[in-house]
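Here the structure comes first, spelled out in structure tokens, and everything after it is commentary.
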Amino acid sequence: MQKFAGIRAVLFDLDGTLVDSAPDLAGAADAMRVKRGLPSIDYAKYRPLCGSGARGMLQVAFGIGPDHADYEALREEFFANYQACMLDNTHAFEGVPSLIAALQAQGLQWGVVTNKSERFALPLTAAMPLFGSAGAIVGGDTTPFSKPHPEPLLEAARRLGVAPELCLYVGDDERDIVAGKAAGMGTVAATYGYLGSASDVGAWQADAQINSPAELLQLLYQA
């Protein structure tokens, strides 16, 4: 098992890694179908694509992508729906509060780097007590770049005052691992979120994988 010596901060992706926001993301998209008189789609079909945000939800709900003529208008409608319901059913994954408490007990700093725009990431994290101890919340539009570019991760490291090589980044998408490696951080793939059985996590070449939040603690030790 890969161990990480001397880590001083742990950074996390948000959706699918720390919090399960799938019920609210799926609900926002499915409400658009119902509004148009279309039948509701089973939640299980939305869940695997929740890590892709609006793009994934609109793909399931309407079978369209960013190249479709109606995509921009539908995306804005989805954003408005989601903003109205994003705190209804979103919750931390089991084991995450205990993990954060354990990191703090070890004297480690922590933060969030998400591609979720600040429009959603900031009020969501502000409303959940879990994030009161986070030293950095970096959204997809906090810097001019979003993951897989490393700049959001580097910005979080700067806010924490920790060198990138002393940070660990944990995420549930390949772009998280690409960004972490580019930033010079250790990388951990979280497989307990939205990943379907078809996902080849091994191909991401993360430094380690965890199947539950608690497993992260087994990878950390102080040099």
Nonlocal amide H pairs with T187, under 5 Å, H built at 1.01 Å: Y169, D207, A208
Within segment 1-94, trypsin sites (Lys or Arg not before Pro) in DSSP loop having at most 11 other beta-carbon neighbours inside 10 Å: R36
Counting all C-alpha pairs of segment 22-85, share separated by more than 13 Å (%): 55 percent
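Rounded to the nearest 5, what % of DSSP beta bridges with both residues in the chain are antiparallel?
10 percent
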Ranking of V96, V170 by count of other Cβ atoms within 10 Å, fewest first: V96, V170
For V60, net neighbour charge (Lys/Arg +1, Asp/Glu -1) across residues whose Cβ lies under 12 Å away: +2
Reach of K181 by Cα under 21 Å, taken over lysines that are not fewer than 8 positions away in the same chain: K3, K116, K147
Added length on full extension, which subtracts the Cα-Cα distance from 0.36 nm per residue, A102 to A163: 19.8 nm
Residues C167, C85, C50, sorted so that the one with the fewest Cβ neighbours within 10 Å comes first: C85, C50, C167
Charge context of L103, other residues only, Cβ under 15 angstrom, K/R +1, D/E -1: 0
Extension reserve of the A80-A127 stretch, reckoned as 0.36 nm per residue once the Cα distance is removed: 15.1 nm
Cβ-based net charge around N81, under 14 Å, with every Lys or Arg adding one and every Asp or Glu removing one: 0
Within the chain, helix-based [θ] at 222 nm, where runs of 4 or more DSSP H residues each add -39,500 (n - 2.57), nearest 500: -11500 deg cm²/dmol
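Bear in mind these aren't lab numbers, they're just calculated from the coordinates by the rules spelled out. Just so we're clear, the structure is a prediction, and the values are computed from it rather than from any experiment. Cβ coordinates were reconstructed from backbone atoms using ideal geometry, including for glycine residues, and neighbour counts include every protein chain displayed.
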